[in-house]
Amino acid sequence: MDLFGSFALLLAFVCAAYAVVGGIFAIRTRNPFLVKSARNAGMAVCALIVLGVASLEYLFFTDNFSVAYVVQHSSHTQSTFFKFAALWSGQEGSLLFWSLILSFYVFSVLWTYRGKHPELMPFVGVILAAVQMFFLILNNFIASPFKMIGEVGPGGILHWITQPDGRGLTPLLQYPEMVIHPPMLYSGYTGFTIPFAFGLAALIGRYPGEKWIHLTRRWTMIAWCFQSIGVLLGAHWAYAVLGWGGYWSWDPVENASLMPWLTGTAFLHSVMMQEKRGMMKVWNVWLVFITFMLCIFGTTITRSGMISSVHAFAQSEIGPWFFGFLGLIFIVCLAAFLKNRDYLKSDNQLDSLISRESSFLFNNLILLVACVAVLSGTMFPVLSEWITGQKISVGAPFFNHINIPIGLMLLLLTGIGPLLAWRRTSAESLKRNFGWPMLGGLVAGAIAYPIGCTDIFSLTCAILSVFVILTIISEFYRGAKVIRARSGENILASAVQLTMRNTRRYGGYVVHLGIVLVFVGIAGQAFNQDKQMEMKAGSSMKIGPYTLVCQAFDSIPNVNYTAERVTIEADKGNRQVMMLYPEKRAYESSQETGTMVAIYSTLREDLYVVYAGRSPESDQPVIHAYLNPLVKWIWLGGVVVVLGTILALIPNRPPVIVLKAAEQPAALSEGSRVVPAAVNRTSLT
Amino acid sequence: MTFRSKPVARVVAVYAAIFLLAGASLLIPVAHAQQTDHAKKLGLNLMCMCGCAQVLVQCNHLNCPSSAPMLKELDERIATGESDELVIQDFIKGYGVAVLSSPPSTGFNRVAWLLPSGAFVLGLGVIALVISHWRKRPIHATAGPHDSQVNISADALARAREKVDRETEE
């Protein structure tokens, strides 16, 4: 099966290479047969990679310990669930997994647009195949997951060895979320290849207009949504597994996933300028290039070992390949830009500083500055050591210091931007749109301050959050009111109708609402408390409104690990709210330990309990308890962001135009439905 | 009656929404009188040197060969009443500048602090340039009221309508 997998991957590489070479010839000769043949080769890559991945999974499920990758990441006792997830737990497998997801995207794009956009798609096909080719080079020749274990015996003969058992999955990865988190993140990273390919193809092929933006809007949103889920699941995994009481430590690998998210968010906003006003064409093209390069850079950080990280599970000497690829991408993008930059001239002019256009400019500026701050902080230890020869650390306090004000500015713009009109916003409109939300924000601040929200950033966050939520509500309310006046339906039904008529706009507002909830959750961090103490059976600890009573401390053998578990009763007032079971697991096959945190989560706060180990003096369990306010709002916000994105992906429902019985339609816009007046209560005229 | 009740209902609804949302802020717990421990605060400026890349007070490894003695030392130094600056300087002497959780704002390391604000200022400059360029761009000549007899082709009209639709729909 390992040979079969290797062969499938090799064939996939050949097909990708053909898709590149054949595609270039197809573009030059405009031969329709070649175009079709290159496209089919691009689609065949997907089928072949699926076969390769299926082979590797088969090796995992059959405990084939003659393959090095299986030995390193699986064991007899590992559950089927984690054997499946072991595919992406190491270097070779993750790179193969990257190729797999990318091939799904490529197949979907080539299939969806087969026979369409003949001037653009051959270029897109070549670029996508070139990216696939790079990863298939790694899969086949640099980091093959099908390497066998062998040793040279007497007489120089190579013998294949089958190990009796494998080392098993790293304990940190033996957590259900780790089965979902990498696929989500990889779907985000790879998904940005699609807008990149379309952007570059449009530039190289001088494809007229904003068509490439329209074509890639949904793909970009899908990638962005996956990236958002991936980032949040990663944060949740860190929260529930690493056991240090927080969810974001500004670790280089966390930062690597955040950077393309920031530029991707900027891109999603600035493309609207190009769609509506034909502006920011140069900027959009570079934004999509940078987003893609940051995706590759993120993988480089994870894989190269250039920066130490608790997340860098799979390090190797693969870095130079990624740096080479990054350099090549940059050169190609720059050359295409320099050659065709006249194609990117803006059509329109800016009518007023107080307009949607300016808000997008500032939104992009803030997102880009955030990205620069994260990138410079992540890379600075390397840069500083390289220049001064001195090792320095850039930890969470630095990132918080820089990024909290940036985040708050972004939050402010989230409220202001959508309420500004395109071209020009009048003073009257400003007053009408912002008056109540601003007042609401200030009232919220006035309530929050006396009850203890005295931290300047948390207070500002509370004010801005209420302001933004009110602006979103007022937007829905105003639109729904108009529809209600026409249809006579109640305000809620009108709001639903409004949303379905323009899913992109109102889905976007829902996404903004989710982001606000995430900010509210982050603001709670200013009020975190923690306490650590030895707890023998019967002893208690008080933290915030909770009393923790240690009930028992026992050792529980399991199939592939032994757990030391503490049973803790969590009481609030005189009422028991939950039994908590924090534990430490010792994995026999890998000789490593893992932490299982126990969390009692409410909307108000999380009671987060960690069994930190035994005290060396008394041999009693040591419990570290944290009280983390509002953390649940972050996960809730993530769910709202995803729902908003899904909503924005749904096609608009055409408006129902109701005609009076006496009147005949003069001209109806395409896609409108005509409904007899008798069916409805009101008419539009 | 209808004339009066609508604005009242609207005002009540808006107030209800404000207070409902302001209520969310009530979920932020009262800041407890118990202040953050001095050592914890100071420990935020230091990194654990075991290689976990975590801030000293956040290192969660029990019996960590690095954080446990460092925290002990920190507590002892604070207990003797030494100034924060002196404690930090001694830690730097003992462990090197890498013990600081943020780059010191001296020498080349100052760049780490200046880069984000520099990027912001540079970005503002670029935006100012872009805006001035956009505003200077000539406006295409349009037909005035006295040009009402100008013939516009159906194709041009359709294009103009499409543009208006695109720019006015959200």
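Structure notes:
- Within region A:399-414, none of the residues are over 29 Å from the mean Cα position of the chain (by Cα) and surrounded by fewer than 18 Cβ atoms within 10 Å (Cβ to Cβ).
- Within region A:522-544, residues that are within 11 Å of chain B (Cβ to nearest Cβ) and over 30 Å from A:Leu411 (Cα atoms) sit with their Cβ atoms under 7 Å from residues that are among the small types (Gly, Ala, Ser) and open to solvent by 40 Å² or more (accessible area, probe 1.4 Å), at 6+ positions apart or across chains, in these pairs: A:Glu534/A:Ser618.
- Any hit, region A:354-377, residues being of a type in the set (Asp, Glu) and more than 9 Å from chain B (Cβ to nearest Cβ): no
- Here is the figure for region A:567-595: residues that are in contact (Cβ under 8 Å) with a residue 60 or more places away in the chain and either in a strand (DSSP E or B) or aromatic (Phe, Trp, Tyr) (or both) total 6.
- All of (1) modelled with pLDDT of 80 or more; (2) touching a helix residue (DSSP H, G or I) at 6+ places or on another chain (Cβ under 8 Å) hold for A:Ala661 with one exception: (1).
- Among the residues making up region A:232-265, those that are crowded, with 21+ Cβ neighbours inside 10 Å and in contact with a Leu (Cβ under 7 Å, 6 or more places away or on another chain) are A:Gly234, A:Ser257, A:Met259, A:Pro260, A:Leu262, A:Thr263, A:Thr265.
- Within region A:102-120, the residues that satisfy the criterion of being crowded, with 23+ Cβ neighbours inside 10 Å and of a type in the set (A, V, I, L, M, F, W, C) are A:Leu102, A:Val106, A:Val109, A:Leu110.
- Annotation note: of A:Arg565, A:Arg604, the sole residue that is under 35 Å from the mean Cα position of the chain (by Cα), open to solvent by 70 Å² or more (accessible area, probe 1.4 Å), on the phi < 0 side of the Ramachandran plot and modelled with pLDDT of 90 or more is A:Arg604.
- On inspection, A:Gly440 passes the criterion of being surrounded by 19 or more Cβ atoms within 10 Å (Cβ to Cβ), touching a residue at least 12 places away in the same chain (Cβ under 8 Å) and either within 11 Å of chain B (Cβ to nearest Cβ) or out of contact with any Lys or Arg (no Cβ under 8 Å at 6 or more places or on another chain) (or both).
- Within region A:601-620, the set of residues being touching a strand residue (DSSP E or B) at 6+ places or on another chain (Cβ under 8 Å), under 21 Å from A:Gly544 (Cβ atoms) and either in contact (Cβ under 8 Å) with a residue 40 or more places away in the chain or aliphatic (A, V, I, L, M) (or both) comprises A:Glu605, A:Leu607, A:Tyr608, A:Val609, A:Val610, A:Tyr611, A:Ala612.
- Candidate set from region A:378-415 (those that are facing chain B (nearest Cβ under 10 Å) and outside any helix (DSSP H, G or I)); member that is nearest to A:Thr471 (Cα to Cα): A:Gly395
- Within region A:334-353, the set of residues being more than 11 Å from chain B (Cβ to nearest Cβ) and of a type outside the set (Ser, Thr, Tyr) comprises A:Leu334, A:Ala335, A:Ala336, A:Phe337, A:Leu338, A:Lys339, A:Asn340, A:Arg341, A:Asp342, A:Leu344.
- The residues in region A:266-296 that are open to solvent by 10 Å² or more (accessible area, probe 1.4 Å) and not in a helix (DSSP H, G or I) can be counted, and the count is 1.
The values are calculated or read from the model by the stated rules, or taken from the named source; none is laboratory data. All values derive from a computational prediction rather than experimental measurement. Backbone-built Cβ (ideal geometry, glycine too); neighbour counts: all protein chains shown. Ligands, DNA and RNA are excluded from the accessible area calculation, which covers all protein heavy atoms including side chains. Shrake-Rupley method; radii C 1.70, N 1.55, O 1.52, S 1.80 Å.
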